[in-house]
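Nothing in this text is a laboratory measurement; each read-out follows from the coordinates by a stated rule. Remember, it's a predicted structure, so these values are computed and weren't measured experimentally. We place every Cβ from the backbone using ideal geometry, glycine too, and count neighbours over all the protein chains shown.
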Amino acid sequence: MTPVQKIVDNHPLKPLNGLTLAIENATNAFMTSKYNPFYYHGALPQYYLWVLYLSGLLLFAYYIPTIDNAYNSRNLTNAWTSVDYITKSLPFGGVIRGIHRYAGDAMVITILLHALRVWFTDRYRQYRWLQWVSGIVLAIFVLFIGQTGYYLVWDDRSLVLTRMTAGAFEALPLIGPGLKAWFLNGDQVTNLTLSNFLFIHIGLSFFLLFGLWVHYLRMTRPVLTPPPAVNYILTAFVLICVFAFPINSGLMADLNKQPTTFDIDWFFLWPYAMLSQMPVTAYWAVMLIGTGLITAVPWLMIPKQPEIETAEVVLNKCTGCSLCYKDCPYQAIEMVPAPAGSRFKLLATVKDFRCSGCGVCVGACAFDAIDLPDLPDAEVTSKIKALLEAKG
Amino acid sequence: MIKYILSPKGIILLAFAAVIVSVSVLMAWSELGFTGTLPDWLTDLTTRLGLYKPISDFFNSLTPGMGGDLTKFLQEKGVSVNPKSTASLGDYGYILFMGLALTVAGIGIMVIGKEDAEEKTVLPVKK
């Protein structure tokens, strides 16, 4: 038994791994693996990201980020009235606003499913720590972007959320006052505050693309798009929600009042529910420690990582065909020019720091030119055959 | 280059680009009230296309009374539209219909595509 196999067998989440695989197998029974959404769990949030970009484009065209400025030709005086105009007067404006809102909620749900699946099936540690950590950062950004979307509506809920956020930022030591001034774009809520919210909402949304690029590093063939049939169902889910739970704004924000109650969207606004139930210092402590613990999961769950036996290229057998390079899931193989005198143009080399010792390259090579030190080619092939035969 | 532009693909691309530029400019024209001798084209177009209709028309044509029920459902949920605009509760009807159609289409594709879904694992032949 290899060290990696030993870790997998003794993993504390092994029962959950079994449960996840059982659910996936049950889904395969009536959807087949081609359309099983669990096999596209990473691509699902990304699909909703494209929906959010497109629906947001229309909202952006009509949105006015001010609290008291005028656009009198259409009797639009501030952010709230522009949102009201989009919702009640623009053809399909109300439903596109609904699509934007529910695609955001759906993105949070799919991100959660993605994270749980990765965690339960043990796909987050060692060489995949980068995916886990960048995923946590992306999830935090998604949460904050969604929250800024709620500020933009500029109804009574927006006002409460803005004041709660500014208060929470201000309570932080050292950076608090500066953070509050950055958030409000000044010392208090002004027209510039909503401009800032809009900038954060859109600017960070595009930053997500950079974050996704980091997220995909070390992945040879990330699945970026679910098949069209799955996309149809994902879209339908949002559209039916738009009809079943139509979006309305609250009352227009009034800076001279302090609303005390508001509807809460549990997907994005749960931190505010926490903040309202505890002192601000305790809130930050819980959030920072909680985020730290989740980020450290790859190291906390398995403190002693197994030693990796990296693949080795048999130089006199390698033909430079690139099969191992194409099949390696972790971009651990690099094709370099073959040494002078070789009858082949390229030679495979292994980047030890990326190799997981998984043996995929050994299975891919048709020339017995790559091996794992403790797992010879013949043994890998016989294991694969045994697994296939067991599966029938 | 000229050969490409005059090809069917080039003509379609040019026409597509022209439509995008025209709609982008006209959108601002309509919104800013620079109507001049042109009508408010967005309102005019949606009216001509029949989008400015209550939800009941379409759904009543499927089942009598269905449109009224859906309208009542939406109004109870607080949905309202500006009576002077081209937006209507019918927008929500289109979205519901689109959602149901996409569900049926998705399930249909999955059923038809099942035959191609069998995985084939081929082990390389060692030389």
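Observations on the model:
- Base-10 log of normalised Debye intensity for region A:221-357 (one unit scatterer per alpha-carbon) at q = 0.10 Å⁻¹: -0.76
- Shape of chain A, Cα gyration tensor, a/c cut at 1.5: prolate
- Summing charges over neighbours of A:L346, with a neighbour being any other residue whose Cβ is under 15 Å away from its Cβ, gives +3 when K and R count +1 and D and E count -1.
- With a Förster radius of 60 Å applied to the beta-carbon distance between B:L26 and A:D368, the computed FRET efficiency rounds to 0.35.
- Exercise: per-residue mean of other protein chain Cβ atoms within 10 Å, A:221-233: 3
- Nonlocal amide H pairs with A:L347, under 5 Å, H built at 1.01 Å: A:V336, A:A338
- Rounded to whole Hz, the Karplus (6.51, -1.76, 1.60) HN-Hα couplings of region A:119-124, x for glycine and proline: 5, 5, 9, 6, 10, 10
- Relative contact order for chain A, counting Cα pairs under 8 Å that sit 6 or more residues apart, in percent: 18
- Cβ-Cβ FRET estimate between B:L13 and A:T27, R0 fixed at 56 Å, reported to 0.05: 0.85
- Residue mean of other protein chain beta carbons inside 10 Å, A:269-276: 0
- Shape of region A:204-264, Cα gyration tensor, a/c cut at 1.5: oblate
- Segment A:L13-A:T220, length gained on full extension (0.36 nm per residue, minus Cα span): 71.9 nm
- Absence of a disulfide-compatible partner, taken as no other cysteine beta carbon within less than 4.7 angstrom, is noted in chain A for A:C241, A:C318, A:C321, A:C328, A:C355, A:C358, A:C365.
- Counts of other chain beta carbons within 10 angstrom of each beta carbon in peptide A:41-47 average 0.
- Ellipticity at 222 nm from helices only: DSSP H runs of n ≥ 4 in the protein assembly as shown, each -39500 (n - 2.57), divided by the residue count, give -19500 deg cm²/dmol.
- Given A:K34/A:K385; A:K257/B:K72; A:K351/B:K114; A:K180/B:K77, the pairs whose alpha carbons are separated by over 30 Å: A:K257/B:K72; A:K351/B:K114; A:K180/B:K77
- A:L387 versus B:L62: modelled label distance in nm, points set 7 Å from Cα along the beta carbon direction: 4.6
- A Förster radius of 30 Å combined with the Cβ-Cβ distance from A:T310 to A:M287 puts the calculated FRET efficiency at roughly 0.15.
- Sequence ranges A:57-65, A:236-244, A:276-284, ranked by mean other-Cβ count within 10 angstrom, highest first: A:236-244, A:57-65, A:276-284
- Phi angles across region A:140-154 convert, under the Karplus curve 6.51 cos²θ - 1.76 cosθ + 1.60 with θ = phi - 60°, into 3J(HN,Hα) values of 5, 4, 4, 4, 5, 4, x, 5, 5, x, 6, 5, 5, 4, 6 Hz, Gly and Pro given as x.
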